[in-house]
1. Gaussian network model of the chain, Cα springs within a sub-10 Å range: biggest mean-square fluctuation belongs to which of 43, 220, 200?
2. Could you give the C-alpha radius of gyration of segment 131-191 expressed as a fraction of 2.2 N^0.38 Å, taking N as the number of residues it contains?
3. ³J(HN,Hα) across segment 149-163 via Karplus (A = 6.51, B = -1.76, C = 1.60, θ = phi - 60°), whole Hz, x for Gly/Pro?
4. Diagonalise the Cα gyration tensor of segment 157-204 and give the resulting equivalent ellipsoid semi-axes, square root of 5 times each eigenvalue, largest first, whole Å.
5. Determine which lysines satisfy two conditions relative to residue 175: a Cα distance under 16 Å, and not lying fewer than 8 residues away in the same chain.
6. Which of the peptides 99-111, 71-83 is most tightly packed, and how do the rest follow, going by the mean number of other Cβ atoms within 10 Å of each residue?
7. Could you tell me how far the Cα centroid of segment 111-156 sits from the Cα centroid of segment 68-86, in Å?
8. Given the Cα-Cα distance of residue 171 and residue 20 and 0.36 nm per residue of separation, how much length would full extension add, in nm?
Amino acid sequence: MKPLIIANWKMNPSNSKDAFDLAKAVVRGLEGVKADVVLCPPFVYVAQLLPSSNVFIGAQDCFWVQEGAYTGEVSPQMLKNLGCSYVIFGHSERKKLGETTEMTAKKTQAALLASLVPVVCIGEHIEEEMKSILKGIAPKDVSQIIFVYEPEWAISTQPHARPATPKEAQAAFKKMCSLLPKTTSLLYGGSVNSKDIKGFIEAGAQGALVGAASLDAQEFIQLAKNSISR
Ligand code: 13P
C-alpha cells in the first residue's frame, strides 16, 4: 500500500502567492513518487489549489451541516464541490478553541455523507476519544476514516515538544487497532520530519500528518520520499 502523507499547513502562509508557490513546488517535486500526498491549506486557498494525479487537496476543518444559516461555517459539501478529498478533524489546536469530541464525531459523519475522507486526530485518551467518534459511524463506513495518533506534547510548536518514539507510536496503534477493522489506515503526527518518518512507518504507520515540515517544500518532498519502504 502507498504511504499517505498529509500536510497540515495550519494558518500558513500569509498570502495566496506563497500558498500557490509552495503547492506548485511540492507537486513538481513529487512527480513519479509513489506516495499519496494531501495538502491541507487554510480554507481561503482551497479553491486555488487544484488537485493533481498524486497530490490531493484537503481542508483543516468543516461544519457538520451541508447548507444553511450557520454564519462563518464551511460545509463538507462545499469542500467536495471544490475538489477537496480529505478533511482534518479533532486537532488538539481546535480542541483548545472549544471543539469537543461530540463535535468532532458529528463533523466526521457529515464529511462521510459528502464523500470526503475524514482524518481524525486522536490524543492521549485513545479509547475514550475513539469510542465517541465510532459510536455514530455505520460499521461499513469505519474503514473510510483515517485515524491519526497525534499526542499534543509531540506537536513542534508546544513548549518542550518531542516526537513520540516509534515504540510509543506502536503502543498507541495497538490500542487503536483493537477498536478498528483491519483495513483502517493509521497515521502518526507530531514533529515528523524527513529523518524520523521511517521509524514511524516501521512502527506500523501508513504515513504521517505533518505540520511545520510541510511548509518547507524540499523537506516535505524528502519526507514523502523517505516514507516509501524499499
Ligand atoms: P508538527 O509537525 O509541526 O509537530 O505539527 C503536527 C501537527 O499538528 C499536524 O497536525
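1. Of the options given, 43 has the highest mean-square fluctuation.
2. Values: Rg = 13.1 Å, N = 61, 2.2 N^0.38 = 10.5 Å.
Normalised Cα radius of gyration, segment 131-191: 1.25.
3. Calculated HN-Hα couplings, in order: 7, 9, x, 4, 5, 8, 6, 4, 8, 6, x, 6, 5, 8, x Hz.
4. Numbers: eigenvalues 90, 29, 16 Å².
So the equivalent ellipsoid measures 21, 12, 9 Å along its semi-axes.
5. The qualifying lysines are 131, 167.
6. Ranked from most to least packed, the peptides come out as 99-111, 71-83.
7. Spelled out, the Cα-based centre of one part sits 19 Å from the other.
8. On the way: separation 151, 0.36 × 151 = 54.36 nm, distance 3.81 nm.
Here the answer is 50.5 nm.
Rule-based calculations on the coordinates, nothing more; no lab input. Computed from a predicted model, the values in this text were never measured in an experiment. With ideal geometry, Cβ positions are generated from the backbone for all residues, glycine too; neighbour counts draw on all protein chains shown.
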